[in-house]
Structure formats: structure tokens, C-alpha cells
Amino acid sequence: MQINKERLAQTFCEMVSIDSESYHEKKMKDYLMNIFKECHMECIEMPIEGFEAGNIYAVLKGHTNKEPIMFSGHMDTVSPGKGKQAIIHEDGRITSDETTVLGADDVSALASYIEAIRTIEDNDLPHGDIELAISVAEEPYDAGSTYYDFSRIKSRIGYTFDLAGQVGLAALEAPSIISFKINVKGKSAHAGFNPEDGIHALKIATSAINRIPNGHVNDKTTVNFGTIQGGEGRNIVPREVVITGEIRSFDHQDALKWSKHIHTVFEEEAIKEHASIEYDDYIHIEAYKINEDEEVVERFKNACHNLQLTPRLISTHGGSDNNRYVKEGIRGIVVACAMNDCHSVSEYTTIDELEKSALLALHLMID
């Protein structure tokens, strides 16, 4: 089965030209809903209070006894993402003008789904219900999918096209991500005349950080202190500093343990100096692992073999909306979809890889 390669490239370039930075996806939402309706899909928006656009649920009703299958993607791009334009080069590469990201993350997924569904419609191919779960604000720790109405999704398995690398790659495991914020509160004093009257918040923070390993703390978990802010002047003992960071782990309980450990260490260092802390953490997503012998993986491997692609199965330290879908009982994996050097102005795709991505989506939908 062939897809319309020229139409696919045109759709991709059209979508790239739509500004859709996180929390500003209305134009992309309108475009997608129009396309889905043109493809004879039932389509609704799920409004979110305080968001410019809501999540989308769309379904192409099947006319066979096949079980439904879900495909997910996201509407938003990272910045700089305003004024994007796709440039097609003679060798088939597609880039931006390198003043913005390209937005292949995640336009390549959305364009792949659209072309696959158009091909199904053009050729009247048999299929079960094909459900599309398209989110807003995925880039900021999957904020949009927090509000998804999962009661609408009937599929037991699903595919999230949202992974960098060559088509044929898929991630079966992803981590929990916990962010934390620590406010260390000391006491200010003049650094020259009476520093002993102050309580040095920065010193307390550095003492605590020095007690906590950074980077890979074991074979499943990473800890990172990302920002530190505070102080009032060079000649003032800093009375307050704020530290932020994150924990990622393939073991959710281990992530929780490290968050508790960080809290404890900062409290201990603060008590030594008669200071205080405020500690807040937030669980963005929870870890999951899909086994290689599960139906969703076998279906992926079969589709790859039909396309003469070599399936490669990995773990990823990046989160995606799939973390939420798995938590809701949908057994899903994250699939590479022709995007490279994501989150940078060097981001690119190729027409050949886009074609492979659309063909993979098609085979997953109908096989």
C-alpha cells in the first residue's frame, strides 16, 4: 500500500507554518479539527480552564469486528516557535531557517496520522475504530494530558508517535519525573560589619547539595539541581535562596525515596544553622514498562517487518503523554516518527523518513 508522498509533505509544511507554542495552540487545534472532519471523523474539543485550546478526541469509526486502537500526539512546540517555515532541501531534508525550531516534534506524528487516515479513506481499507488523542501543552511536563477525558477512549492499546530517531525505533519504558523546589530561609546581616549576626542561606543550601549525589544516583534514577536564586547584594549575608531541580527514575518508589531524602538533608542542614526550609515536590508523570511479549509490541514489530524496517526497542529517560495513558490502563509504547535534533533550531526531518512514519501509522491502523 502506497501513501501520497507529495500530499504528506504539503501537510507537514502547512502545519509547521502554524504557530503553536505551548499554551498557544488554538490555530493548530482549529486546523486539526477541520482536517479530521474532512476525513469523516467524529471530533470534539475538551476545553481546559485557563488554556487557549483544549485537547482533541477524534475517531474514525470502523466497519469491521477489529478492536479499536489509539494513536496520540501533541499540538504544541517548544520555543523559539513563532514564525516557523519549512524549507525543503534538494537532498530531501526539511529544516527551519534556523531562527526557530522546525516543529517536527510533534508535527511529524500528526502529519503521519492524517496521511494514513486519508489513505484508508481513499482506498476504503478495512479497519477497526481508530481513535486519536491529541493533547495541548505536552512539552511542559505533559500538562495538557492531565485534563484528558480518558473515559472517551475505548482502545486497550495505543501508540504515541513522539520519539526522536529513525523510524523503527520504539520505547517500552519511561521514567517517573518529580520536580522539586526548596526555599532556604536564613537571616540577613552586613557582610563586613556583623556577618556573625546573619544566617547564611546560600551556605546552608550548598552544604545540603554537597551531601546529595547528582546525575545517576543508581542504575534507575537521576537527580539534578537545576537552578539556584537568591541573595540581595555582594555585601549582604543572603537571607533566602530558592533551589529547583528534578528526579527521574524508572522505579517510581525510588523517585519518591530520593525526594524524601533531599527534603531530609536540607532540613538537617537548616536546623544546624537555626534556619528553616520550605520543600515542595510535584509528580508530573509516573514510570511504566511494557513487556516485549505484549500485544502492542508484537503489532509494532509485525508492522515494521511488513515495511522491511528493523524494529529496535529501547528505554527512554524522556516522558510523554504515554505515561498518562499507561496509568489509565492503555498499554502503549512511544514510537519514533521522523524527528531529529528536537528542541533546537537545528531540528530536521526528511521526506523519506516522513513517508516511513506515515506508512508505519497506516500499517498499525489496518493490520
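Here are the numbers for this structure:
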read-out	value
Cut-off under 5 Å, modelled amide H: who pairs with Glu42 long-range	Val59, Lys61
Nearest-0.05 FRET efficiency for Lys257 and Lys27, computed from C-beta distance (R0 45 Å)	0.55
Label point distance in nm, His63-Ala191, each placed 7 Å from Cα along Cα→Cβ	7.6 nm
Solvent-accessible heavy-atom area per residue, rounded to whole Å², over region 165-275 at 1.4 Å	51 Å²
Accessible surface of region 202-320, 1.4 Å probe, proportion on carbon and sulfur as whole %	45 percent
Set of region 68-112 residues, backbone N closer than 19 Å to the point 7 Å along the Cα-Cβ line of Arg7	108-112
Surface per residue (accessible, 1.4 Å probe) for region 86-159, Å²	35 Å²
Cross-link partners of Lys220 among lysines (Cα-Cα below 17 Å; sequence separation of 8 or more within a chain)	Lys257, Lys260, Lys289
Cleavage-rule hits, trypsin sites (Lys or Arg not before Pro), region 67-149, DSSP coil, Cβ neighbours within 10 Å at most 14	Lys82
Over the chain, relative contact order from alpha-carbon pairs under 8 Å, at least 6 apart, %	24 percent
Antiparallel DSSP beta bridges within the chain, percent to nearest 5	70 percent
Accessible surface, region 4-63, averaged per residue in Å² (probe 1.4 Å)	49 Å²
Relative counts (whole %) of C-alpha pair distances in region 42-81, using bins that are 5 Å wide	6, 15, 20, 21, 15, 11, 7, 4, 2, 0
Label-point gap, in nm, between Glu268 and Tyr282 - each point 7 angstrom along Cα→Cβ	2.9 nm
Semi-axis lengths, Å, the chain, gyration tensor of Cα atoms, sqrt of 5 times eigenvalues	45, 22, 18
Between 0 and 90°, nearest 10: helix 104-123 axis offset from the chain longest Cα axis	20 degrees
Potential lengthening between Arg234 and Lys37 on full extension [0.36 nm per residue; Cα-Cα distance subtracted]	64.8 nm
Span from the region 42-67 Cα centroid across to the region 84-105 one, whole angstrom	29 Å
Inter-label distance for His343 and Glu49, nm, one decimal - labels placed 7 Å from Cα along Cα-to-Cβ	3.1 nm
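The values are calculated or read from the model by the stated rules, or taken from the named source; none is laboratory data. All figures in this text were calculated on a predicted structure; none of them were measured in a lab. Methodologically, a virtual Cβ is constructed for each residue, glycine included, from the backbone with ideal geometry; neighbour enumeration extends over all protein chains shown. Quick note on the areas: whole protein, heavy atoms, side chains included, nothing else; ligands and nucleic acids left out. Shrake-Rupley method; radii C 1.70, N 1.55, O 1.52, S 1.80 Å.
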